[in-house]
Each structure stands twice: as C-alpha cells, then as structure tokens.
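Read the structure below first, then the notes.
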Amino acid sequence: MSRVTFAGIWLSVLAVAWPGAPAPVPAHGGDAGDKEYQVLAPITHGNLTIFPVVAAKTHDTSSFLTLDEGIRSGEVVVTEVGKVVPMVRRPPTRPQPGGAQVNRLVLVNNSKRPLILLAGEVVTGGKQDRIVGKDRLVPAESDPVDLSVFCVEHGRWTETASKFDTHANAMVKPSVRRSAMADNSQQKVWDEVGRSNMALAGTAGATAGNTASGATLQAITPTTSYASVMENKAVQGQMDSVVQPMQKSFESVIKQLREQNAVGVVVAVKGRIIWADIFASSSLLNKYWVKLLPSYAAEALTVTGDHGEVSAKAAQDWVNQWQARHAVTETEPGLYKQTEMTGDRFKAFQLTSLLPKQGFDLHLSKMPE
C-alpha cells in the first residue's frame, strides 16, 4: 500500500490485481455473499426501469444537512473564489487567491449540522453554473472550504448572482456524473452536457410537431447551460411524461415497504443497467429522490440504441458485487473518507462518515466500467 498526505487529507492506494495478492477489497464492510441489499420488482415506463433496493440495516441520518436544505435556509453559502464569505471563524491556514476559477468555488456551512455534498448536484449563479465534483462532507460551522467543481455552462463567464443557488433541486444525469466522478475531466463534462442538451432539444421538439420543434431548438441552441435546458417548457413536458408515472409507482411501492428499509435504486435504460444510488437510510433517499428521478429520466430520454430486457436477477447480482481489484481512498481525518473502487466491469464510489457515533456509509454510487 502507498499513502500520500497533502492539505490535511490522506490518500491511500491499494492495488490487488496481481497473482497471490491479498483478497479483493469489499466496498461495504462485507463480501459479495453478504447480500445486505435486496432488489425488488422493477418499475418501468418507456426506456426507464428502476429497481427499488431495500437494506438489512439502516442508520439515523437526521443530523446531516443536504445542500438543498442548507441553501434554502441560508445556512450554506457558495460563492466564487475571491468573494467575501460571512462568518469566518478562524484565520485561514493559507491565503485565498483572488479571482474566480472554473473548477473551484468556496463554500461555508454556517449550520450546526455536517453537510453532505453529492457529485452531480447543480449550483447556479456566479460566473457560470457548476456541479459538485465528488461526494464529501463539510463540518458543521465550517470555515471557508475549497469546493472542487465542474462547469456545466461552457459559454458564460459573466456574473449573474454573487451567491449560488441549487436551481430547483437539480442533479445532472448519470452520464454527466460519470464524466465528473470517474473521468475527472472538465472537457468530458462539457462534451456530455453538449450532447445531452441537443438530444433533449431534439426529443422535446420532435414530440411537439415541426413548428414547435424549430422553436424548441431555437430556444435551446444558444445556451450551454444544462440547468437552463432542463427548465425549457418543452423539455420539462417530456421529462414529466416519464417522471410523473414513475413517481406515482415508486411512491406506491415505498408505502408498502416502509418497514423494509428502502434505501436506494438500481437504474436501467433500454434494458441495460447504467447506475445505482444507495443511501444510509430511507429518509436520506427520500430527500434526494426529488432530484435523482429527473436525472434518470433525462438519461432515458437521450440514450440511443436498441431496447433490451433487464431482469431482477441481473439487478440483484449488480448490488451483490462490491469487491474491488483496485481502490483509492481520500480521507479527511475525523470527518469522512471517500473510496473509489474499480472492480470487474464496474466502478463505484463510497462516502463514509468518520464522525463520532456516525461511522457508517452515507452514500454508494456504482456504474458500469
């Protein structure tokens, strides 16, 4: 094992791909045979299939704050680098360089609760819209924190607001999240946002007739903002045609499963598993569901290719397999660790709280390699 430390963060790398190496690294504190998670019957509408996931055990997550809650209450403030940030409690350990930067923002958590950030959450405003680059925790009553982000609005560099908003609880679709999380590439994020925007414009316009199609494309083409495209009325109509029936079906299932600890979903598009999001509790899943479901719907509306079939067994096998050949762990001692795992045809990310009496996995995301 090699270990590097910088800026108070430990980075550990463990590779176990060679013959005779130690056993593969289990991602969730157990092995693939533990079957901590159970996949239920799927909910399908159009190209989108969602398998609810229930857990053998959940945790109390009521003491954690989400980004939407923090922005809405005013307790969390996100600004460009170089902006004045309120309530700096201690002198900074290093100088804050002035001037806005594409891949950096500054965040202050003024609440008395630790803040959860998930990769792919959209913040709008400043000089251009951004997405959170990785899962992490920010401590309660924090000093200014450097926030690693990716731009999802390539064409603008003019300030529209000094503070950022969460723009109606937006989350980018899984393919854009993957570009940020797994590829860690701004160019790939821009490329994927561009493809997504054009595909959504084409899909929305095609269902509205020729005249409306031209108007939709004309309205969307000038913007490079992922959030603005998602707010277009024609695009929203297409999204609602998927989201609303899926939401009704999901709510019905969740009501029946209140005591079964529904904590996540496996997502398939056109019969191919593309993603999984699993949380530490049902309440945490419910908080994020309002932004996750539209993100899955956006993926379903923009993926091309033939339609296949996916079975509950395939989804169950997907959530059973967490063993990694290679793992990289970034740790902020006493606060959190994030582990990136590469396994047999998958990549997964695990956010684990290291707070006192709260040492458990908060979020797991998994995608095909």
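The values are calculated or read from the model by the stated rules, or taken from the named source; none is laboratory data. What you are looking at is a predicted structure, and each value in this text was computed from that prediction instead of being measured. No Cβ is skipped: glycine too gets one built from the backbone with ideal geometry, and neighbour counts run over all protein chains shown.
Summed over segment 109-124, the residues that are modelled with pLDDT under 95 and hydrophobic (A, V, I, L, M, F, W, C) give a count of 2.
Limited to segment 52-70, what total is found for residues that are crowded, with 17+ Cβ neighbours inside 10 Å and more than 17 Å from Lys291 (Cα to Cα)? Within segment 52-70, residues that are crowded, with 17+ Cβ neighbours inside 10 Å and more than 17 Å from Lys291 (Cα to Cα) number 7. Identify the residue in segment 153-177 that is within 22 Å of Lys291 (Cα to Cα) and touching a Pro at 6+ places or on another chain (Cβ under 9 Å) and, among all such residues, is surrounded by the fewest Cβ atoms within 10 Å (Cβ to Cβ). Taking the candidates together, the pick is Asn169. Among the residues of segment 244-257, are any modelled with pLDDT of 80 or more and crowded, with 21+ Cβ neighbours inside 10 Å? For segment 244-257, residues modelled with pLDDT of 80 or more and crowded, with 21+ Cβ neighbours inside 10 Å: present.
Checked against (1) in contact with a Leu (Cβ under 9 Å, 6 or more places away or on another chain); (2) surrounded by fewer than 17 Cβ atoms within 10 Å (Cβ to Cβ), Thr304 passes all but a single condition, namely (1). Filtered by the rule that a residue be in a strand (DSSP E or B) and hydroxyl-bearing (Ser, Thr, Tyr), segment 108-152 gives Thr124, Ser148. Within the option set Ala27, Ala15, being at pLDDT below 50, of a type in the set (A, V, I, L, M), under 30 Å from Val310 (Cβ atoms) and surrounded by 15 or more Cβ atoms within 10 Å (Cβ to Cβ) holds for one residue only, Ala27.
Among the residues of this structure, Val242 does not count as one that is under 16 Å from Asn47 (Cα atoms), of a type in the set (A, V, I, L, M, F, W, C), in contact (Cβ under 8 Å) with a residue 40 or more places away in the chain and not in a helix (DSSP H, G or I).
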